1. With the requirement that a residue be in a helix (DSSP H, G or I) and touching a residue at least 60 places away in the same chain (Cβ under 8 Å), what does region 182-201 give you?
2. Looking at L176, L197, which is the one that is in the same structural domain as N125 (by TED's automatic domain parsing), of a type outside the set (K, R), over 12 Å from the mean Cα position of the chain (by Cα) and surrounded by 13 or more Cβ atoms within 10 Å (Cβ to Cβ)?
3. Tell me which residues, restricted to region 102-135, are charged (D, E, K, R) and either out of contact with any Leu (no Cβ under 9 Å at 6 or more places or on another chain) or modelled with pLDDT of 95 or more (or both).
Amino acid sequence: MDNEARSRFPSVSITILVLVLALGLLTVWGVRTVLDAIPTPGDIAEVFEPEPYEEIGPVTITAIRDLAQLTTVETVQYTIVEKGTDAGWLRWARGDSLKMFAVARIGAGVDLANLSVRDISVDENGVVEITLPSAEVLFVDPDEDSTQILERDVGIFTSGDPGLESDVRRIADEVLVQNAIDEGILTEAEANARSVLTDFLLSLGYADVIIEFEQPLDEG
């Protein structure tokens with residue numbers, strides 16, 4: 001009996017040793033699994049990091065186009081224009097001239113109607129870059145109530161040029177537009193467009209907005 005008991009001891013010892021080793025391996029594996037499950041600071045930062053922007057969708061493009069009216073700048077200009085024919089010493093007989101006080105409302109802005117996704121890019125940091133057409137005069141609205149013919153001098157032997165008043169009005173519009181440009185209406189319109197679009201896109205959650213304007217054709 002003693003010999004039989006002694007012969008079983010090695011088997012029992014080996015079994016216990018195997019169980020201990022297996023238990024140790026399971027413990028190590030379990031600890032490692034738990035450690036791997038614990039989020040690192042990098043994992044936590046990644047969770048709270050905003051998703052990168054890839055593009056601006058058609059809904060946003062449409063909304064930007066709708067902002068066109070908000071980017072328009074208006075000014076009221078007035079001038080005096082005189083035009084006619086001088087017949088020299090026979091002016092009293094054949095001369096024809098007209099003097100007009102002209103007033104008009106001038107509007108300038110950036111045309112956003114044709115803006116497309118090709119004009120806009122967004123990088124992985126959420127920075128939007130937009131290329132816009134340069135500002136231009138959008139309308140000239142004559143103030144008929146304030147515009148007046150100050151003087152019409154027609155010689156006694158002529159009925160006067162029926163198209164003279166139209167010519168004077170056309171010249172007046174050109175002068176008024178140039179006055180508005182000289183006073184900086186186009187620069188103001190671009191600054192206004194930049195401000196409105198920047199505020200709008202930042203409100204959507206983009207990180208930054210960079211806006212560039214195309215050079216006018218006459219400036220290359």
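The values are calculated or read from the model by the stated rules, or taken from the named source; none is laboratory data. Everything numeric here is computed off the predicted structure, so don't read it as measured data. With ideal geometry, Cβ positions are generated from the backbone for all residues, glycine too; neighbour counts draw on all protein chains shown.
1. At the first step, the residues of region 182-201 found to be in a helix (DSSP H, G or I) are 182, 185-201.
Selection gives I185, L186, E188, A189, E190, N192, A193, V196, L197, F200, L201.
2. Values: L197 fails: over 12 Å from the mean Cα position of the chain (by Cα).
The unique qualifying residue is L176.
3. Narrowing region 102-135 to residues charged (D, E, K, R): 105, 111, 118-119, 123-124, 129.
Matches in region 102-135: R105, R118, D123, E124, E129.
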